[in-house]
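Engineer: Here's a structure for you.
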Amino acid sequence: MTFFMTKDTTPKTVSFVLPFFNEQGNIGKFFEQLLAVLAPLNTYRFELILVDDGSRDGTLGELRRFCRSIPLVGPLTAHLVVFTRNFGKEVAMTAGLDISTGDAVIIMDTDLQHPPGSIPEFLAQWEAGAKLVIGQRTNRKTDTLVYRIFAGLFHAIHNKLSNINLPRGTGDFRLVDREIVAQLVTLRERQRFLRGLFAWLGYEPCIVTYDVQSRHQGRSSFTHWRSWNLALEGITSFSTAPIRLWTYLGLVVAIAGFGYGFYVVLITVLYGIQTPGYASLVSLVLLIGGLNLIGLGMMGEYIGRIHAEVKDRPIYVIKTHETF
Ligand code: UDP
Ligand code: MG
C-alpha cells in the first residue's frame, strides 16, 4: 500500500464579526477599506457577519444595500443578522461568534477606529501558530483625560482582583482561532464582558500593535456611564473580592467598636457617668450606617447579576437573518 502526502488545498475561511449600532455614515467607507484589504488575500475565503444591533438610523438599509450590491460569490459570503432592539455591543459580538463558521474569526469595530490595514498582520501571526491575536493600541489620543484615568484604574484593579490578565490598551479588536471560538460559545452567561471571557479561557495571546483612529463619523455610544457599567461587569464577572472585602472591613470595624466600648465602660467606672457624647455617638452611627449601605450596595451588584442569570433568558433576539 502506498501513502500519498497530499497538501490540504481547501482554502481556510476567515469570518468577520462586525457589530453595527447607528453607523449609517460609516458603512460605505468601512466596507470600501475592508474589501480593499481583503482583495489581495485571495488564498482565503471570507465570511462577513454583519450584526445590526437595533440601529435607529439608516444603518440597516445601508447594510442591505451593501450585501446586495457587491458580488458576494465565490470567496465571500455574508450574513445580515438584525436584532429586535439594541442589546449592546457585547451581545452583538456574541451573536456574530455564534453564527461564525470560519477557521478564524476577526472581531472589529465598524466606525473605522480599528484599521483594516492591520488584518494581514493578524493573519500572518495566526498562520505562524498564534491562536489568539489581540490588537493593542499604540496611543490613547482618541480618549478624553477622564476616560484615560478610569481606563488605567480599571485595568489595575481588574488585573489585581481577578486571576485573569487584560493587557493595557487592548480591546475587542482581535483574531480568534476556531479552537477558542468553540470554547467561548459554550460560555452562556447573560452579563457578558467578552474580552474577559476570552482571557478567562487562558490561551496565551499574541499582541499586535495598531494605531487607533478617530471615529469616522457620528459619536461613540459609550458614554462615561456605559463604560463604567462595562467596567463593573468586568470586575464582578471575574472576582468576588469586592464582597469578600466586607468580611475584613467588618472585622476591623467590629474590633475598633469593641475597643471603644471597653474604653467608654472603663471611663465610666473610673470617673463616673459623663453625659456629653453627642459628637462621638453621631459620628459612629453615621460611620457604621454608611459602611452598611456600601456593603449592601456591593452585595446588590452581585445579587442583581445572579437575578439576571437565573432568569435564564436568551442572550439576544434575532428579528431577521439573511444570507447572501
Ligand atoms: N456598537 C454596537 N452596539 C452598541 C454600541 C456600539 O454594536 O450598543 C458597535 C458600534 O457600531 C461600533 C462598536 O460597537 O462598531 C464600538 O462602538 P463605539 O464606537 O460607540 O464605542 P467606542 O469605540 O467609543 O468604544
Ligand atoms: Mg468607536
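Engineer: Where a ≥ b ≥ c are the square roots of the eigenvalues of the C-alpha gyration tensor, would you call the stretch 103-198 rounded, which needs a/c under 1.5, or, failing that, prolate if a/b is larger than b/c, or oblate?
Structural biologist: oblate
Engineer: While we're on this one: On a C-alpha basis, how far is the centre of the stretch 254-324 from the centre of the stretch 107-169 in Å? Whole number, if you could?
Structural biologist: 35 Å
Engineer: Also: How high is the FRET efficiency between Lys311 and Asp57 when r is their beta carbon distance and R₀ equals 45 Å, given to the nearest 0.05?
Structural biologist: Efficiency for this residue pair is about 0.90.
Engineer: Give, as ranges by residue number, the residues of the stretch 30-44 whose backbone N falls under 16 Å from the point 7 Å along Cα→Cβ of Thr10.
Structural biologist: 44
Engineer: So, one more: Thr268 to Ile149: FRET efficiency via 1/(1 + (r/R0)^6), r the Cβ-Cβ distance, R0 41 Å, to the nearest 0.05?
Structural biologist: In this case the efficiency is close to 0.25.
Engineer: Which aspartates and glutamates, if any, have their Cα less than 13 Å from the Cα of Lys141, not counting same-chain residues under 8 positions apart?
Structural biologist: Asp211
Engineer: Then there's this: For Lys12, which lysines qualify as cross-link partners when the Cα separation must be under 28 Å and same-chain residues fewer than eight apart are set aside?
Structural biologist: Straight-distance partners of Lys12: Lys29, Lys89, Lys131.
Engineer: With charges only on Cβ, +1 for K and R and -1 for D and E, what is the dipole size of the stretch 161-228 about its Cα centre, in debye, rounded to 20? Could you put the intermediate results ahead of the total?
Structural biologist: Working: 10 positive and 6 negative charges, 80 e Å.
That gives the stretch 161-228 a dipole magnitude of about 380 debye.
Engineer: Moving on. Count the DSSP beta bridges whose two residues both fall in the chain, then state the antiparallel fraction as a percent rounded to the nearest 5.
Structural biologist: 35 percent
Engineer: Based on DSSP H assignment, which helices of the chain show an axial Cα extent of at least 27 Å together with a mean Kyte-Doolittle hydropathy greater than or equal to 0.5? Could the numbers behind the result be given before it?
Structural biologist: Values: long enough: 241-271 (45 Å, 1.59); 278-310 (47 Å, 1.21).
Helices passing the filter in the chain: 241-271, 278-310.
Engineer: Could you tell me how many cubic angstrom of Cα convex hull volume the stretch 131-274 has per residue?
Structural biologist: Normalising the Cα hull of the stretch 131-274 by residue number yields 177 Å³.
Engineer: Along each of its three principal axes, how wide is the spread of alpha-carbon positions in the stretch 108-163, in whole angstrom units, largest first?
Structural biologist: The Cα atoms of the stretch 108-163 stretch 36, 30, 17 Å along their principal axes.
Engineer: What is the sum of charges, Lys and Arg at +1 and Asp and Glu at -1, for the other residues whose Cβ falls under 15 Å from the Cβ of Val133?
Structural biologist: -1
Engineer: Ranking request for peptides 227-235, 34-42, 256-264: highest mean number of other beta-carbon atoms within 10 Å first, then the rest in descending order.
Structural biologist: By packing density, highest mean first, the sequence is 227-235, 34-42, 256-264.
Engineer: Follow-up. How big is the C-alpha Rg of the chain next to the rule-of-thumb value 2.2 N^0.38 Å, as a ratio?
Structural biologist: With N residues counted in the chain, Rg over 2.2 N^0.38 Å equals 1.31.
Engineer: While we're looking at this one, here's another question. Using the Kirkwood formula on the Cα atoms of the stretch 269-324, what hydrodynamic radius do you get, in angstrom to one decimal?
Structural biologist: After inverting the pairwise mean of 1/r, the radius is 16.6 Å.
Engineer: When a/c is below 1.5 the answer is rounded, else prolate if a/b is larger than b/c, else oblate, so apply that to the stretch 223-285 with a ≥ b ≥ c taken from the square roots of the Cα gyration tensor eigenvalues.
Structural biologist: Oblate is the answer for the stretch 223-285, as a/c is 1.5 or above yet b/c matches or exceeds a/b.
Engineer: With a ≥ b ≥ c the root eigenvalues of the C-alpha gyration tensor of the stretch 52-156, is it rounded (a/c under 1.5), prolate (a/b larger than b/c) or oblate? List each step's numbers first, then the result.
Structural biologist: Working: a/c = 1.92, a/b = 1.24, b/c = 1.56.
Taking the square roots of the gyration eigenvalues as a ≥ b ≥ c, the stretch 52-156 is oblate.
Engineer: Can you sort Lys131, Lys141 from fewest to most other Cβ atoms within 10 Å of each residue's own Cβ?
Structural biologist: Result, fewest neighbours first: Lys141, Lys131.
Read the figures in this text as sums done on the coordinates, not as results from a lab. Note that this is a predicted model, so its numbers are computed, not measured. Using ideal geometry, Cβ is built from the backbone for each residue, glycine included, and neighbour counts are taken over all protein chains shown.
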